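What follows is a single structure, written as structure tokens, with notes after it.
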Amino acid sequence: MGHTIIGTAGHIDHGKTLLVKALTGTDTDRAPEEKARGITIELGFAFLGEEATIIDVPGHERFVKTMVAGVSTIDVALLVIAADDGVMPQSREHLDVLELLGVERGIVVLNKADLVDEDWLDLVEEEVRELVAGTFLEGADIARVSALAGDGVEALKSQIEALVVQTEERRGVGPFRLPVDRAFVVKGFGLVGTGTVIAGRLEGREDVEVLPAGERLRVRGLQRHGQEVEAVQAGDRAAVNLPGVSTEQVERGDWLAAPDYFKPTYMVDARLRLLFSCPRELVQRTRVRLHIGTREAMARVVLLEGEALEPGGEMLVQLHMETPVVAVWGDRFVIRRYSPALTIGGGRVLEPHPRKHRRGDRQAVAYLEELDGTDAEAAVEVKLRYLGETLKADRELAGELGLDLERITSLLEQLAEDGKVALIRVDQALCAVHTETEAVLGKRVEAALEQFHAENPLKTGLRREELRALSLRHAAPALFDHLLQTLERQGRLGVDGAMMYLAGHRIQFSAAEEEQRDKIEMALKQAELADMPGVDELARLAGVGQREVESILRALQTLGAVVPLEGGLWLHAETLAAVQDKLRGYLAAEGQITVAAFRDLIQGNRKYALALLTYFDSSGVTQRQGDVRVLLT
């Protein structure tokens, strides 16, 4: 059995606070203003035995947003309706909110039963059954009580206890999250933030992150159910003590969360349901009040499947918030009309960090429909399949889906074993890319190389960054490197130093270029070292421009036929080999050589002698020692 959070709901002055006092002995109206006016303004809390907490929420129309904050985490609802008034506007609105937030169990309480006769009670009960028809309260118990006189209170308590024992213990999975519904300072202790733990576990002396601000704070103490404890976990009604913190740093609507998992967002994708009671259709970019967790934010609704949403209908939407919120896949929310305030709909978050969608974006709709039709664990593969040119880290997935890191790692490893994803280590993070995406991006790399080879038949290939700019400019560097390694391993891509090329690519000369190539090679082979032709002379001999000659020379260099020297000089490989043999023979006999001696040895000029010796130094044949060279290898 898990700890049960019970929430009251109902119209103003229908006796919710008095009912809580009758059930628990606790008066939840704390503030003087509440005492003076006889209404609940802020959330109140009371304990029913050891295993249940009752949240008393306000019923006045002006305080519905506070009511939403209170019921966003409850397991069991008490819909309180005064027998002398019957069903009232906030009775209907509160029931709508409970439905939209996914509450599944509850009891209808006909309070003030002592003020009316049996026939009237029967009429009100019939009205209530019509109200709850088709909702989670259809078929629920209807308790007749008088909170003031105490009539029926014990019977109601027994009914509540029967629901409490049915509450399953929430698994403490997922990173810790607690939506703050109250924050206050206790003299001598510091700030206390209270709320219901949505997921995970928190121990005293651990750090929490206050979101959306992103400030990291150390926890000094914890209370559960009003008692000091070493840890709190999912389902617990908790108070978190944060010493040295002001009320400006933590307030209702904030989240206390495990650090480095959750990111604030200004957009979410969601499935939105409009209530039948909504007075008119919802059109594009309607401004609404969004209630998620315990936060209220103004938002615009972007409809993704049409230009209008009719009352009672559903649609995939993107919500654009004016202030940041924190959301996880599956979180419930409520929207209220901007003015006059009225609950008009709600739904479920599908993607907490979406890209901005264009209207009619079919891929976005297909993605969201898949997310909407699955659970959090299956959503891992769906998210990766639609990810695009980037990687998804394990911790990021954990925060977006509300799963703990160990479970995410296990799911990713299983997907990799099934051949659905590839895993890449980036620093300390385990990142993933879907194999379908990997295949598509790999083909884009190959297409870029294929086009380059077609346009540049005399070039070997592209440098890594040039290839990235032409194929996957926006891809994460680690993903691009992974694709190159995969393509090379599969024999689809070749690497020659810094150059990338398609496997099987060979430099190809046209018929005209073959003729020019022969002339250039012949000129370099036959020239004396004292009178080697430069690029301009080679261009004249080949009958083409200098740019064309340079292109052919680079291609011949790749083929190993010519070698570039310092100062823009070129030498045929056969000539270079002959010079190297002469130099080795001389050094073997004499031990060292000067520039002048080398110039005489090759019967060249000083310019070529210096360029050749620099080449031999850099290639490890010789070593310079002062004004002479000696044989190194």
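Read the figures in this text as sums done on the coordinates, not as results from a lab. It should be emphasised that the depicted structure is a prediction, and the values quoted were computed from it without experimental measurement. Glycine gets a Cβ as well: all are built from the backbone with ideal geometry, and neighbour counts include every protein chain shown.
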Original post:
Mind checking the angle between helix 511-526 and the chain's longest principal axis? C-alpha axes, 0 to 90 degrees, to the nearest 10.
Top reply: 50 degrees
Subject >> Residues in the stretch 467-482 that a label on Gln363 would reach, taking backbone N under 17 Å of a point 7 Å out along Cα→Cβ >> reply: 471-476
Original post:
Say each of Glu307 and Arg287 gets a label point 7 Å from the Cα, pointing the same way as Cα to Cβ; how far apart are those two points in nm?
Top reply: 2.3 nm
**OP:** Whole Å is fine, so just give me how far the alpha carbon centre of the stretch 515-554 lies from that of the stretch 85-111.
**Re:** 91 Å
**OP:** Treating only the Cβ atoms of Lys and Arg (+1) and Asp and Glu (-1) as charged, compute the dipole magnitude of the stretch 513-633 about its Cα centre; round to the nearest 20 debye.
**Re:** 380 debye
Original post:
Fewest first, what order do Val325, Val173 take by the number of other Cβ atoms within 10 Å?
Top reply: Val173, Val325
Subject >> Label-to-label distance, nm, for residues given as Ser618 and Asp141 (7 Å Cα→Cβ offset) >> reply: 9.0 nm
**OP:** Could you work out how far apart the two model spin labels at Ala588 and Glu206 are, taking each label as a point 7 Å from the Cα in the direction of the beta carbon, and quote it in nm?
**Re:** 7.5 nm
Original post:
Near Lys525, which aspartates and glutamates are there with a Cα under 12 Å away, not counting those fewer than 8 places off in the same chain?
Top reply: Glu574
Original post:
What does the charge add up to near Leu632, with Lys and Arg as +1, Asp and Glu as -1, over the other residues with Cβ less than 13 Å from its Cβ?
Top reply: +2
**OP:** Could you rank the peptides 421-428, 302-309 by their average count of other C-beta atoms within 10 Å per residue, with the highest value first?
**Re:** 302-309, 421-428
Original post:
Whose amide H sits under 5 Å from the amide H of Gly106, counting only residues 5 or more places off or on another chain, with H placed in the peptide plane?
Top reply: Ala77
Subject >> Theoretical ellipticity at 222 nm over the chain - DSSP helices of four or more residues, -39500 (n - 2.57) apiece, nearest 500 >> reply: -11000 deg cm²/dmol
Original post:
At a Förster radius of 35 Å, what calculated FRET efficiency corresponds to the Cβ-Cβ distance of Glu528 and Lys443, to the nearest 0.05?
Top reply: 0.10
Subject >> Inter-part distance where the stretch 384-426 and the stretch 159-211 are each reduced to a Cα centre, Å >> reply: 28 Å
Original post:
Among all the aspartates and glutamates, which ones have a C-alpha under 18 Å from Lys607's C-alpha, if same-chain residues fewer than 8 places away are not counted?
Top reply: Glu528, Asp531, Asp536, Glu537, Glu566, Asp617, Asp627
Subject >> Violating pairs (Cα-Cα greater than 22 angstrom) within the set Lys21/Lys187; Lys459/Lys582; Lys16/Lys112; Lys263/Lys383 >> reply: Lys21/Lys187; Lys459/Lys582
Original post:
In degrees between 0 and 90, to the nearest 10, how far off the longest principal axis of the chain does helix 362-372 point, with axes built from Cα atoms?
Top reply: 50 degrees
Original post:
Which of the peptides 196-207, 263-274 is most tightly packed, and how do the rest follow, going by the mean number of other Cβ atoms within 10 Å of each residue?
Top reply: 263-274, 196-207
**OP:** Please work out the Cα center distance from the stretch 568-629 to the stretch 314-329, rounded to the nearest Å.
**Re:** 72 Å
Subject >> Cα lying deepest toward the dipole's positive end in the chain, options Gln623, Gly313, Ala341, charges on Cβ >> reply: Gln623
**OP:** Taking the chain as the reference, fit the longest principal axis to its C-alpha atoms, fit the long axis of helix 573-590 to the helix C-alpha atoms, and give the angle between the two in degrees, 0 to 90, nearest 10.
**Re:** 70 degrees
